[in-house]
Each structure stands twice: as structure tokens, then as C-alpha cells.
Amino acid sequence: MKGSEVGDSNHGHRIITEARKVSDPVVIVKSGRHKAQRIVLTENALAIIDRKGRWCGQ
Amino acid sequence: MGGKSLTSSSGSGAGVTRWVDGGALDAVQAPLTPRPRGTIYEALPFYLQMFLGGTRLSAYPNSSHFIIDGERSRCFCIVNSIYMREDMALLAAIKVIEYRDADYETAKKEVAGYFLMVGKAYASDASSDLELDYELVCKIMDDLELDGQMEISL
């Protein structure tokens with residue numbers, strides 16, 4: 001477990017999150033053209049940056 | 001005798017519908033029971049009583065009233081089915097995943113077979129598709145990377 005202090009953040013292409021309660025997504029305006037969605041997780045929230053695997057074996 | 005025509009009045013009670021025969025009101029002017037309002041879940045006891053109880057049909061003076069009330073309830077069911085479809089869509093969005101109890105070797109074979117089949121996938125997808133614990137899948141992927149059978153990237 002890393003990053004459990006207030007203000008810590010994760011940034012990744014795909015983040016798996018778990019929590020007891022999950023809010024509905026809210027559209028936030030990042031810039032004039034770009035928009036994003038935000039959800040708030042409460043009670044035992046956990047976020048993991050997902051990894052992508054590519055098979056290169058036999 | 002002229003043809004029958006349908007009139008509606010909302011003076012007494014909720015929406016009294018009656019047949020008029022030749023300009024004169026029909027002798028039997030039984031007000032129909034108002035439809036239940038709200039969602040289909042709130043109306044479910046009403047329909048259970050209607051279809052299972054069998055006492056509802058005796059409230060109609062003749063078959064015409066029953067047909068009118070049936071048409072009205074059909075419209076009510078159509079409207080409520082729209083609300084029910086929205087509720088079902090919300091329920092369908094929540095997918096419950098249960099993890100299987102698999103030992104490490106069995107899980108490793110399944111994960112290797114999964115990536116052999118799909119080629120490139122996320123660990124979370126493998127975890128949900130194989131119904132295996134996410135931590136276990138990540139550990140297996142690390143071991144497969146050490147074996148030189150897998151490349152892991154973000």
C-alpha cells in the first residue's frame with residue numbers, strides 16, 4: 001500500500017477502484033473543449049493502477 | 001336506438017366513465033376504481049389482487065366497463081414498463097463478481113491460457129473474466145514476466 005496520505009494522487013491510463021460507496025459521475029470541464037467525469041468514492045476507498053499484459057511466450 | 005358513445009366526467013370521484021345509449025345515461029353508472037399511481041412496484045399489490053384475488057371482476061356491471069378499464073390499465077402498464085425498464089437498466093449496470101478458490105498452479109495455468117487466447121489484456125479484465133482474485137492475477141503476471149512469457153506495461 002502506497003500513498004495513503006491526504007493529497008496523494010495517482011495518474012494512469014486505467015485505475016481500478018474499490019469502495020463501499022460510489023457516487024454518480026459528474027461532468028467536469030477541464031478546458032474549453034475537453035471534459036471529464038468525476039466520481040467520489042467514500043469508505044475504505046482503494047485505487048490501483050491497472051497493468052496490461054501481452055503474451056509473448058510459447 | 002342509436003349507437004353507444006363513450007363519455008367521461010370527473011365530477012364525482014376520479015374519472016367516471018359510462019356508456020350513453022341514445023342520449024340517455026345507462027342505468028348502471030358504476031364508477032371505476034382509479035388506477036394506482038406510481039411505479040410498478042407500488043402498483044404490484046393492486047395487480048396481484050386483481051389477477052389472483054378474483055374479486056375485482058365482480059365490480060364491473062358489464063363486459064363493456066371491463067374492456068374500458070382494461071384499456072386504461074394497459075396504458076398504465078405501458079407507462080410503468082418504461083419506468084421499470086429504467087430501473088432494470090440501473091440494476092443491470094451493477095455486476096456481481098465472485099472469486100473462485102483456486103490454488104496458485106491452477107490459477108497460473110488459467111491466466112496463461114487466457115493471455116495465450118486474447119494476446120493482450122488488462123489484469124482487471126483477466127481477473128473478472130476468470131473470476132480470480134486481482135492480487136493473485138497480478139502475482140501470476142509478475143511470475144510470467146520473470147519466466148519471459150509476458151510483457152507488462154501500463
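Observations on the model:
- Condition check for B:ALA59 on (1) open to solvent by 80 Å² or more (accessible area, probe 1.4 Å); (2) among the aliphatic types (A, V, I, L, M); (3) at pLDDT below 65: one failure, at (1).
- Candidate set: the stretch A:9-28, residues that are over 23 Å from B:TYR122 (Cβ atoms) and open to solvent by less than 100 Å² (accessible area, probe 1.4 Å); chosen: the one nearest to the other protein chains (Cβ to nearest Cβ): A:SER23
- Within the stretch A:31-58, residues that are within 26 Å of B:CYS138 (Cβ to Cβ) and free of Cβ contacts under 8 Å to residues at least 60 places away in the same chain sit with their Cβ atoms under 7 Å from residues that are of a type in the set (Gly, Ala, Ser) and exposed (fewer than 10 other Cβ atoms within 10 Å of the Cβ), at 6+ positions apart or across chains, in these pairs: A:LYS52/B:SER153.
- Residues satisfying the stated conditions in the stretch B:101-154, i.e. of a type outside the set (A, V, I, L, M) and in contact with a helix residue (DSSP H, G or I) (Cβ under 6 Å, 6 or more places away or on another chain): B:LYS108, B:GLU110, B:TYR114, B:SER127, B:TYR134, B:CYS138
- Selection within the stretch A:29-58: residues that are aliphatic (A, V, I, L, M) and at the interface with chain B (Cβ under 10 Å from one of its Cβ atoms). The member of this set that is least open to solvent (accessible area, probe 1.4 Å) is A:ILE48.
- Matching residues in the stretch B:110-154 - criterion: being surrounded by 14 or more Cβ atoms within 10 Å (Cβ to Cβ) and in a loop (DSSP other than H, G, I, E, B): B:LEU132, B:ASP133, B:GLN149
- Among the residues of the stretch B:115-133, those that are over 13 Å from A:LYS52 (Cα atoms) and either out of contact with any strand residue (DSSP E or B) (no Cβ under 6 Å at 6 or more places or on another chain) or among the aromatic types (Phe, Trp, Tyr) (or both) comprise B:MET117, B:SER128, B:ASP129, B:LEU130, B:GLU131, B:LEU132, B:ASP133.
The values are calculated or read from the model by the stated rules, or taken from the named source; none is laboratory data. A quick note: this is a predicted structure, and the numbers were derived from the prediction, not measured. All Cβ positions, glycine included, derive from the backbone under ideal geometry; neighbour counts span all protein chains shown. The area values use the complete protein model at the heavy-atom level, side chains included, leaving out ligands, DNA and RNA. Shrake-Rupley method; radii C 1.70, N 1.55, O 1.52, S 1.80 Å.
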